[in-house]
Amino acid sequence: MQVCIHRGAKEIGGSCVEILSEGKRLIIDLGLPLDADKNDEKYLPDIAGLNGDDESLLAVLISHPHLDHFGLLAHISNKIPVIMGADARRILTEASRFLPDNWPVPPAGSALRSEIPFELGPFKITPFLIDHSGYDAYAIIIEADGKRLFYSGDFRMHGRKAGLTGKLIDNPPQNIDVLLLEGSTLGRLKNHESFPSETDIENQLVDTFSNAKGLTLVHASSQNIDRIVSDCSLGK
Ligand SMILES: [Zn+2]
């Protein structure tokens, strides 16, 4: 197994990793860099076959529906299978009605299902549903040539599904040869600090709403399903 990190090792977002085994290739994530001025094909990593003419490229796996992990799908051939969570694919498809400019609509393809392994060419792929603000997010184990790579994708432990991350930490995958771990919040907090949980957010919203004299509006990403659940939990 050979692994090439095309982007994401020295910056947050824009993630893209290519994996090679027995002459076949997989791409994990094809993200738009966070500092991109627009979604332009100039940001595509230099990977053979993105125009769909190279059968050695088996698929693109998308860990979760955040632009810095899938945005550059807008510039690759529809002939390349895109594998992602079924709900994530539905969210991106529906969002495309409102965001027409280079918003990728992933072509049909297989769906990641948590803890259900599947084989693709020489690769065995096992996804794990994980807590993240991007809905339907997965960490992924890729196995080939007797080696095991763990790609965490983006994750957190302060969302509504923190238990999923906790479950993975309590029962970590064994015999991992390569660990690609997201670290976008490393150094952002001091040791004693933590991000607010969704319960904290709910409580703050209740306070704000209770003390407001007039109309109160909430501004949140329409794709952050956990946050919308927090908003809708108010008053229960
Ligand atoms: Zn993300």
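Between K161, K124, K213, the Gaussian network model of the chain with springs among Cα atoms under 10 angstrom shows the greatest mean-square fluctuation at K213.
If you average the alpha carbon positions of the range 197-212 and of the range 135-166, how far apart do those two centres end up, in angstrom? For the range 197-212 versus the range 135-166, the Cα centre distance is 30 Å. Taking the C-alpha atoms only, the angle from helix 198-211 to the longest principal axis of the chain is near 30 degrees. Close amide-amide hydrogen proximity is noted between G85 and L112, each under 5 Å apart and 5 or more residues distant or on a separate chain (H modeled in the peptide plane; Pro and chain starts excluded). Think of a 1.4 Å ball rolled over the protein heavy atoms: the range 88-236 then has 61 Å² of accessible area per residue. Expressed as a whole percent, how much of the Cα-Cα distance distribution for the range 120-197 exceeds 18 Å? Tail fraction, whole percent: 46. Could you look at the chain and say what percent of its accessible area is carbon and sulfur, using a 1.4 Å probe and all protein chains? The value for the chain is 51 percent carbon and sulfur by accessible area. Once you put a point 7 Å from the Cα of D87 and another 7 Å from the Cα of K38, both along the Cβ direction, what distance in nm separates them? Result for the modelled spin labels: 3.4 nm. Classify the range 1-132 from the C-alpha gyration tensor, please: rounded if a/c falls under 1.5, else prolate or oblate depending on whether a/b exceeds b/c. It comes out rounded by the Cα gyration axes.
Kirkwood analysis of the range 159-236, using all unique Cα-Cα pairs, places the hydrodynamic radius at 15.7 Å. Rounded to 0.05, the FRET efficiency of the I176 and T216 pair, given R0 = 41 Å and the Cβ-Cβ distance, is 0.30. Counting only residues at least eight positions apart within a chain, or on another chain, the lysines with an alpha carbon under 27 Å from that of K161 are K124, K190, K236. Treating r as the C-beta distance of R97 and H158 and R0 as 30 Å, the FRET efficiency rounds to 0.45.
How about the range 75-178: which chymotrypsin sites (Phe, Trp or Tyr not before Pro) there lie in a loop by DSSP and see at most 11 other Cβ atoms within 10 Å? Hits after loop and neighbour filter: F98.
Which GluC sites (Glu not before Pro) in the range 43-128 pass both tests, a DSSP loop state and at most 13 other beta-carbon atoms within 10 Å?
Loop-located and lightly packed - E55, E115.
Legend: P(r) of the range 98-234 from all alpha carbon pair distances, 5 Å bins from 0, whole percents, reading 2, 8, 14, 17, 16, 15, 12, 8, 5, 2, 1, 1, 0. Derived value for the chain: Kirkwood hydrodynamic radius 19.0 Å. Basis is the mean of 1/r over every pair of different alpha-carbon atoms.
The values are calculated or read from the model by the stated rules, or taken from the named source; none is laboratory data. Since the structure is predicted, the reported quantities are computational estimates derived from the model, not experimental observations. Here the Cβ is made from the backbone with ideal geometry for all residues, glycine too, and neighbour counts use every protein chain on show. Note: accessible area is taken over every heavy atom of the protein model, side chains too, but ligands, DNA and RNA are not part of it. Shrake-Rupley method; radii C 1.70, N 1.55, O 1.52, S 1.80 Å.
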